[in-house]
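Input: a single structure, listed below in structure tokens.
The values are calculated or read from the model by the stated rules, or taken from the named source; none is laboratory data. It should be emphasised that the depicted structure is a prediction, and the values quoted were computed from it without experimental measurement. Glycine also receives a Cβ, built like all others from the backbone with ideal geometry; neighbour counts cover every protein chain displayed. All accessible areas refer to the heavy atoms of the entire protein, side chains included, with ligands and DNA or RNA removed. Shrake-Rupley method; radii C 1.70, N 1.55, O 1.52, S 1.80 Å.
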Amino acid sequence: VGFLATHAFSSLSSPIHRGVFIQRRLLCNQIPDPPPNVPSLPPLDGTTIKTTRQQVDQHTANEPCASCHHTLINPVGFGLENYDAVGRFRTSENGEPIDATGKLAGTAEGEAFANGVELSRAIASAPEAQLCYAKNWFRYTLGRQETAADACDLSRIASKLANDQYTALDVMTDLTRTRAFSVRAVEAP
């Protein structure tokens, strides 16, 4: 609920904020910041724009927005539309049924989903998300970004995440067994 509320507006959900978070923090995909002077979302007028999904689709339909929004951000952000601005479950918005379908864009498989639960399952099973999870623990544990020299260790740890018995404690333990954890390079003067 905290994630849903902090990635929304005060009275509206925000598939854009939620989608960007998923792409950047759960899949480790690079998404550029929006260009300056992006206009506000069009209002929900109750006639042509009844739902947040329609509002976001219209707002991001043209370039330069569409290239990121329609390929990466919106498809995953829409998966959480069953949850309003404070994280309450809902099946309709302004009398219209919620459409929470989408696909896990930014992954090789691009798995389709019908709602937030299926989105969560798709993220958990995506190799890209497993590698991102390993990278995030690596960055936290070692206090630095990974380098090409760390790729094998990260791939090995990420591959173990497909096993439901492999826990966060196991990730941290395996990170302490990496060369990066036990050897520190000398910096040039």
Give me the residue from the range 44-60 that is touching a helix residue (DSSP H, G or I) at 6+ places or on another chain (Cβ under 8 Å) and not β-branched (V, I, T) and, out of that set, modelled with the lowest pLDDT. L44
Looking only at the range 53-76, filter to residues that are closer than 14 Å to P34 by Cα and among the β-branched types (V, I, T); which one of those is nearest to the chain's Cα centre (by Cα)? I73
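Condition test on G106, is it of a type in the set (G, A, S) and within 29 Å of G87 (Cα to Cα)?
Working: of a type in the set (G, A, S): yes; within 29 Å of G87 (Cα to Cα): yes.
Yes, satisfied.
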Contacts under 6 angstrom Cβ, first residue in the range 164-189 being more than 19 Å from E146 (Cβ to Cβ), partner open to solvent by less than 80 Å² (accessible area, probe 1.4 Å), 6 or more apart: Y166/K160
Where a residue in the range 89-113 is farther than 30 Å from C132 by Cα and open to solvent by 60 Å² or more (accessible area, probe 1.4 Å) and its partner, wherever it lies, is hydroxyl-bearing (S, T, Y) and assigned to a loop (DSSP other than H, G, I, E, B), with Cβ under 8 Å and at least six apart: N94/T51; P97/T91
Could you please tell me which pairs satisfy a Cβ distance under 6 Å, a separation of 6+ or placement on different chains, a first residue in the range 58-69 that is over 18 Å from Q30 (Cα atoms) and among the β-branched types (V, I, T), and a second residue that is crowded, with 18+ Cβ neighbours inside 10 Å and modelled with pLDDT of 90 or more? T60/H69
For the range 52-85, give me the residue count where each residue is assigned to a loop (DSSP other than H, G, I, E, B) and either of a type outside the set (D, E) or farther than 17 Å from A8 by Cα (or both). 7
Here is a list: I49, I31. Which entry is open to solvent by less than 40 Å² (accessible area, probe 1.4 Å), free of Cβ contacts under 8 Å to residues at least 40 places away in the same chain and in a loop (DSSP other than H, G, I, E, B)? I49
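Restricting attention to the range 148-167, and to residues there that are closer than 30 Å to F89 by Cβ and open to solvent by 40 Å² or more (accessible area, probe 1.4 Å), which single residue is modelled with the highest pLDDT?
Quick first cut of the range 148-167, residues closer than 30 Å to F89 by Cβ only: 161-162, 164, 167.
Among the residues that remain, those that are also open to solvent by 40 Å² or more (accessible area, probe 1.4 Å) are: 162, 164, 167.
Working: A162: 89, D164: 89, T167: 94.
Going through the qualifying residues, I end up with T167.
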So, Q23, is that one exposed (fewer than 11 other Cβ atoms within 10 Å of the Cβ), closer than 30 Å to L131 by Cα and either in contact (Cβ under 8 Å) with a residue 40 or more places away in the chain or of a type outside the set (A, V, I, L, M) (or both) or not? no
Only residues in the range 128-150 that are closer than 19 Å to I22 by Cα count as the first member; pair them with residues that are charged (D, E, K, R), Cβ under 6 angstrom, at least 6 apart or cross-chain, and list the lot. K135/E146; F138/E146
Checking Q130, Q145 in turn, the sole residue that is surrounded by 18 or more Cβ atoms within 10 Å (Cβ to Cβ) and among the polar types (S, T, N, Q) turns out to be Q130
